[in-house]
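K.L.:
Structure provided below as structure tokens; questions to follow.
The values are calculated or read from the model by the stated rules, or taken from the named source; none is laboratory data. What you see is a predicted model, and the numbers here were worked out from it, not measured in a lab. Glycine gets a Cβ as well: all are built from the backbone with ideal geometry, and neighbour counts include every protein chain shown. Remember, those area values only see protein heavy atoms, side chains included, never the ligands or the DNA or RNA. Shrake-Rupley method; radii C 1.70, N 1.55, O 1.52, S 1.80 Å.
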Amino acid sequence: MSPTKLLTPIIIAALTLFGTATLQAGKGGGGKPGGGGGGKYAKKEPAPPHHTTIVSISADSISIKGSADAKTYKITRDTVIEYKGQRAKLDDLKSGMRVSVTPGSDPTVAGRISASEAPEDPVPTPAKDKNAKGKK
């Protein structure tokens, strides 16, 4: 038997296996070609921005309010406090600042508090009347 006759079935078998593996990988685990099946690695819609602000703060607790709920966390000596990405002191935090609180091993204790400036209210600008003409 010639080497060409031996290689032909091997090449066909390899292409068949490779083609099957490629189709399976393209399914994305969801059963639909192209990965649109909502499987394990399906893309999720991005969550809308969730802003949380400091309602009140004391030496041993912080109260925050999100769009739907309010929570209070205990502050301990192990709580890491950051302001604008830098280590900070509790005195640097003020009511109204945007904040992200990561609970510690005890969900009632703040493990990390990351704060930034309070959102600025947009300054209202007077509406211009497009139909108004300058008078002399």
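K.L.:
Considering only residues that are polar (S, T, N, Q) and open to solvent by less than 40 Å² (accessible area, probe 1.4 Å), look in the range 59-70 and name the one that is nearest to residue 116 (Cα to Cα).
P.N.:
Selected residue: 63.
K.L.:
Something else now. Mind listing just one residue for me: the one in the range 71-106 that is part of a loop (DSSP other than H, G, I, E, B) and β-branched (Val, Ile, Thr) and, of those, farthest from residue 118 (Cα to Cα)?
P.N.:
Only one residue fits best here, namely 76.
K.L.:
While we're on this one: Looking at residue 36, is it farther than 30 Å from residue 109 by Cα and at pLDDT below 95?
P.N.:
yes
K.L.:
A further question follows. Within the set of pairs 6 or more residues apart or between chains, which connect a residue that is open to solvent by 30 Å² or more (accessible area, probe 1.4 Å) inside the range 82-99 to a residue that is of a type in the set (S, T, N, Q) and outside any strand (DSSP E or B) with Cβ atoms less than 9 Å apart?
P.N.:
90/58; 90/79; 98/52
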